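The values are calculated or read from the model by the stated rules, or taken from the named source; none is laboratory data. These numbers come from a predicted model, not from an experiment. Every residue, glycine among them, receives a Cβ derived from its backbone with ideal geometry; neighbour counts consider all protein chains shown.
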Amino acid sequence: MSNRRIPRSRRALGAILLLAAAVLVAIVGIIIATVPVLIGATAFAAATGVVAARLLSDEIAQLRRDWAHDRAKIADDNRTVAVARSREHTAFAEQMGQRVSLRDAQIAALRDALVTAEIELAQARERVSAERARNAALQEEVGSARSDLESARIDLMTAQDALAASESAELQVRAELLAWEQAAAEERRRQQERKLA
């Protein structure tokens with residue numbers, strides 16, 4: 001805290017006393033009204049005025065030095081706090097960057113899983129289509145190929161199960177990807193709010 005509100009110093013009190021003494025001597029000289037007393041009173045008043053001015057200028061210089069020291073201390077304290085905050089912000093930004101990188105890697109893995117599931121789904125659909133075509137062909141030859149028809153029905157049911165499982169996996173992967181993308185967007189939004197704050 002600044003020392004600006006301190007009691008008057010000895011220099012200031014001395015200057016006030018000297019000026020008061022000069023006024024008293026001047027009043028006494030005016031009352032006596034003789035030339036030697038007026039000359040002495042004038043000389044005393046001038047000398048005390050010079051000494052009082054010197055005391056007050058020294059006091060002002062000391063006050064300015066004290067104030068400059070206080071301002072320098074406050075500036076140094078502010079610089080220290082700013083450096084600490086800067087380091088904290090840098091560490092936080094690095095940590096958030098690592099989290100975002102991890103989330104991006106997880107999202108990429110989920111996208112790869114989604115692509116794989118889509119490929120498997122397309123293959124399963126092709127198998128289902130092939131089995132349906134085969135089933136249609138076998139039904140045309142129903143009389144001569146009963147045993148082949150039974151085999152095709154079993155293959156068709158297996159393919160439909162695979163299709164259902166693949167579609168279920170696709171839905172699950174899509175739901176996970178959507179959740180990760182929402183979480184990443186929320187994290188980016190929070191990080192932007194923190195940067196703005």
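Can you tell which of Ala22, Ala41, Ala33, Ala26 is aliphatic (A, V, I, L, M) and surrounded by fewer than 10 Cβ atoms within 10 Å (Cβ to Cβ)? Quick ask: steps written out before the conclusion?
On the way: Ala22 fails: surrounded by fewer than 10 Cβ atoms within 10 Å (Cβ to Cβ); Ala41 fails: surrounded by fewer than 10 Cβ atoms within 10 Å (Cβ to Cβ); Ala26 fails: surrounded by fewer than 10 Cβ atoms within 10 Å (Cβ to Cβ).
Testing whether each residue is aliphatic (A, V, I, L, M) and surrounded by fewer than 10 Cβ atoms within 10 Å (Cβ to Cβ) leaves just Ala33.
Pairs please, first residue from region 171-191 and over 17 Å from Ala109 (Cα atoms) and in contact (Cβ under 8 Å) with a residue 60 or more places away in the chain, second anywhere and surrounded by 11 or more Cβ atoms within 10 Å (Cβ to Cβ) and basic (Lys, Arg), Cβ atoms under 7 Å, 6+ apart in sequence or on different chains.
Correct list of pairs: Glu187/Arg99; Glu187/Arg103.
Quick check on Arg5: is it over 30 Å from Gln191 (Cβ atoms), in contact with a Leu (Cβ under 8 Å, 6 or more places away or on another chain) and at pLDDT below 90?
Against the criterion (over 30 Å from Gln191 (Cβ atoms), in contact with a Leu (Cβ under 8 Å, 6 or more places away or on another chain) and at pLDDT below 90), Arg5 does not qualify.
Can you tell me which of Glu126, Glu150 is modelled with pLDDT under 90 and either more than 30 Å from Ala184 (Cβ to Cβ) or surrounded by 12 or more Cβ atoms within 10 Å (Cβ to Cβ) (or both)? Show your work before the answer.
On the way: Glu126 fails: modelled with pLDDT under 90.
Only one candidate qualifies: Glu150.
Residues Arg71, Arg85, Arg64, Arg99: which one is among the charged types (D, E, K, R), assigned to a helix (DSSP H, G or I) and touching a helix residue (DSSP H, G or I) at 6+ places or on another chain (Cβ under 9 Å)? Walk me through it before giving the result.
Values: Arg71 fails: touching a helix residue (DSSP H, G or I) at 6+ places or on another chain (Cβ under 9 Å); Arg85 fails: touching a helix residue (DSSP H, G or I) at 6+ places or on another chain (Cβ under 9 Å); Arg64 fails: touching a helix residue (DSSP H, G or I) at 6+ places or on another chain (Cβ under 9 Å).
Going through Arg71, Arg85, Arg64, Arg99 in turn, just one is among the charged types (D, E, K, R), assigned to a helix (DSSP H, G or I) and touching a helix residue (DSSP H, G or I) at 6+ places or on another chain (Cβ under 9 Å): Arg99.
In region 30-47, what count of residues is obtained for those that are assigned to a helix (DSSP H, G or I) and either under 18 Å from Ser9 (Cα atoms) or modelled with pLDDT under 85 (or both)? I'd like the intermediate steps shown before the answer.
Applying the first criterion (assigned to a helix (DSSP H, G or I)) to region 30-47 yields 30-32, 35-47.
Cutting the leftovers down to either under 18 Å from Ser9 (Cα atoms) or modelled with pLDDT under 85 (or both) gives us none.
Residues flagged as assigned to a helix (DSSP H, G or I) and either under 18 Å from Ser9 (Cα atoms) or modelled with pLDDT under 85 (or both) within region 30-47 amount to 0.
Is one or more of the residues making up region 108-119 touching a residue at least 24 places away in the same chain (Cβ under 8 Å), in a helix (DSSP H, G or I), under 18 Å from Gln172 (Cβ atoms) and of a type outside the set (A, V, I, L, M, F, W, C)? Explain how you work it out, then say what you get.
So in region 108-119, the residues touching a residue at least 24 places away in the same chain (Cβ under 8 Å) come out as 110-111, 113-114, 117-118.
Going one step further and asking which of them are in a helix (DSSP H, G or I), we end up with 110-111, 113-114, 117-118.
Going one step further and asking which of them are under 18 Å from Gln172 (Cβ atoms), we end up with 110-111, 113-114, 117-118.
Add one more test, that the residue is of a type outside the set (A, V, I, L, M, F, W, C), and what stays is 111, 118.
Yes, the conditions are met somewhere in region 108-119.
Does region 93-107 include one or more residues that are at pLDDT below 90, closer than 25 Å to Glu170 by Cα, more than 25 Å from the chain's Cα centre (by Cα) and of a type outside the set (S, T, N, Q)?
Among the residues of region 93-107, at least one is at pLDDT below 90, closer than 25 Å to Glu170 by Cα, more than 25 Å from the chain's Cα centre (by Cα) and of a type outside the set (S, T, N, Q), which makes the answer yes.
What's the number of the condition Ala105 fails, among (1) surrounded by 12 or more Cβ atoms within 10 Å (Cβ to Cβ); (2) under 30 Å from Gln192 (Cβ atoms); (3) among the aliphatic types (A, V, I, L, M)?
The failed condition is (1).
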